[in-house]
Amino acid sequence: MSLTPNLGRAPQDSQYGARPKFWFAVYQLLWHLLLPFAFIRLAWRTRHSSEYLSHFSERLGFAYGKSITQGSVWIHAVSVGETRAAQPLVEAYLKRGETVLLTHMTLNGRRTGAVLFAQAIAAGQLRQVYLPYDLCWSVANFIRAFKPKFGLFMETEAWPTVVFYCAEIGLPLFLVNARLSERSARRVNQFGKAGRSLFQAFSGILAQTQFDADRYRSLDVKKVEIVGNLKFDVPLDPGLVQQGKSWKQELHTEQRLMVCAASTRDGEEAIILKAWKDLLLSSAFAIAPLLCLVPRHPERFSEVANQIHDAGLKFRRRTEWMETPKSEVEIDVILGDSMGEMPMYYSAADLVVMGGSLLPFGGQNLIEACAAGCPVLLGEHTYNFQQAALDAIEMGAAKRIKGELVLSEPIALMETLKELLLNAAELAKMSSAAMAYSIEHQGATKKILAALEHQNFTLN
């Protein structure tokens with residue numbers, strides 16, 4: 001398939017799913033009715049940062065300025081996780097001399113991209129904008145303004161107006177690093193042919209795992225290929241890794257271990273803090289371990305700080321440290337209230353409790369922790385990283401917490417933490433397995449580039 005838009009008609013060799021006219025009209029009506037509330041929501045969020053209203057016109061598909069580069073490779077990464085995952089793909093295209101149009105939906109995603117690709121942005125090789133709201137006219141304005149070569153949507157993004165519009169004008173749009181949980185597949189099927197047609201309208205889907213590919217095929221999507229997970233190819237910032245290792249050495253000099261509760265979600269902190277307090281009261285350690293608690297969303301930092309205080313635990317904020325971290329025996333908890341420093345936290349920790357997995361949020365990215373050589377504890381809810389979690393457990397890089405996790409009695413978490421922290425040999429074995437696991441699963445970037453270049457999709 002040519003990567004040149006075939007304006008005016010659907011591509012003849014596509015699996016093109018026809019736009020469901022009635023439901024699409026209803027969808028557009030709802031978007032227009034809700035548009036004022038979208039603006040109000042952004043205005044409300046300015047209480048956290050005035051940047052939420054910056055570039056608002058981009059969300060409506062206009063006012064991009066005069067310096068528009070057309071014919072770029074368009075990569076859409078909705079927020080922080082997707083932007084980091086897209087890094088090896090973006091860098092591969094930049095290395096080939098391509099210009100890249102990088103779109104986001106969230107402020108934190110845009111901030112992350114600005115840091116990761118600062119050099120390319122300064123050189124004019126990469127442009128960041130917000131993906132417009134999914135209105136027919138805003139999407140058309142956006143596509144006409146930038147005229148990208150082709151589009152790559154990361155992981156789960158499938159905005160109906162964008163997807164169907166690109167299919168209708170013949171602009172190739174692929175879903176890459178694609179994942180689809182069983183629950184999401186059921187939800188799509190509830191919409192019948194209208195739901196399935198959305199994913200059929202992609203030019204192709206490059207799935208992370210066999211599980212994901214099978215679920216897309218259950219929606220009658222034909223062009224699906226398994227390419228692995230881009231997150232295994234994302235490099236850790238060497239400066240942050242070294243900073244974390246220095247902190248770990250300092251802690252170990254004082255014979256103190258650290259557990260990082262990473263990317264925690266609302267409700268999980270209370271469970272973790274109760275388990276941690278019970279762990280400290282168990283008197284199982286000559287020198288009490290340290291908990292580093294890192295909430296996923298920065299707007300919750302103050303809320304979590306209050307929870308730590310109410311739990312009666314002594315803590316310090318990461319932002320209170322002047323330069324390098326300081327280990328202090330009298331501190332029970334460090335609140336990781338900083339952005340972009342997860343490689344440091346992982347490199348400093350002896351064990352990670354992965355957020356999003358204790359309660360039904362689907363789990364957060366365990367791959368980055370393993371790449372830092374840090375063993376991982378998982379709750380039962382890992383459907384966002386189903387294959388990655390299974391592989392990590394099989395290789396000995398991760399363990400599943402056994403037993404129900406509830407606020408009133410988080411004994412399963414406390415007992416698992418105590419068992420591992422008192423077993424240095426097991427932690428060392430898991431650490432080696434974590435490194436091996438992260439290296440073994442690299443290579444998705446090359447497979448994605450090859451699939452896009454040769455259109456070598458599996459048709460079974």
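Summary table below
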quantity	calculated
Any hit, the stretch 397-419, residues being in a loop (DSSP other than H, G, I, E, B), of a type in the set (Val, Ile, Thr), at pLDDT below 95 and open to solvent by less than 40 Å² (accessible area, probe 1.4 Å)	yes
Residue 161 under 26 Å from residue 126 (Cα atoms), out of contact with any strand residue (DSSP E or B) (no Cβ under 9 Å at 6 or more places or on another chain) and in contact (Cβ under 8 Å) with a residue 12 or more places away in the chain	yes
Close pairs from the stretch 447-460: first closer than 13 Å to residue 92 by Cα, partner at pLDDT 75 or above and part of a helix (DSSP H, G or I), Cβ under 8 Å, at least 6 apart	448/89; 448/230; 449/89; 449/92
Members of the stretch 285-309 found to be of a type outside the set (A, V, I, L, M) and open to solvent by 20 Å² or more (accessible area, probe 1.4 Å), listed by number	285, 296, 297, 298, 299, 300, 301, 302, 303, 306, 307, 309
Candidates 279, 290, filtered to the one that is under 28 Å from the mean Cα position of the chain (by Cα) and aliphatic (A, V, I, L, M)	290
Residue within the stretch 352-362 that is touching a Ser or Thr at 6+ places or on another chain (Cβ under 8 Å), surrounded by fewer than 24 Cβ atoms within 10 Å (Cβ to Cβ) and assigned to a loop (DSSP other than H, G, I, E, B) present	yes
Criterion (without any contact (Cβ under 8 Å) to a residue 24 or more places away in the chain and out of contact with any Leu (no Cβ under 6 Å at 6 or more places or on another chain)) met by exactly one of 217, 265	217
Count of residues meeting criterion [open to solvent by 50 Å² or more (accessible area, probe 1.4 Å) and touching a residue at least 12 places away in the same chain (Cβ under 8 Å)] in the stretch 46-66	4
Subset of the stretch 196-211 (residues that are open to solvent by 10 Å² or more (accessible area, probe 1.4 Å) and free of Cβ contacts under 8 Å to residues at least 60 places away in the same chain)	none
Hits in the stretch 374-396 - residues which are open to solvent by 10 Å² or more (accessible area, probe 1.4 Å) and more than 18 Å from the chain's Cα centre (by Cα)	380, 390, 391, 393, 394, 395, 396
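The values are calculated or read from the model by the stated rules, or taken from the named source; none is laboratory data. For clarity, every value in this text was computed on a predicted model and none was experimentally measured. Neighbour counts are summed over all protein chains in view; Cβ atoms, including those assigned to glycine, are modelled from backbone coordinates with ideal geometry. Surface accessibility is based on the protein's heavy atoms, side chains included, excluding ligands, DNA and RNA. Shrake-Rupley method; radii C 1.70, N 1.55, O 1.52, S 1.80 Å.
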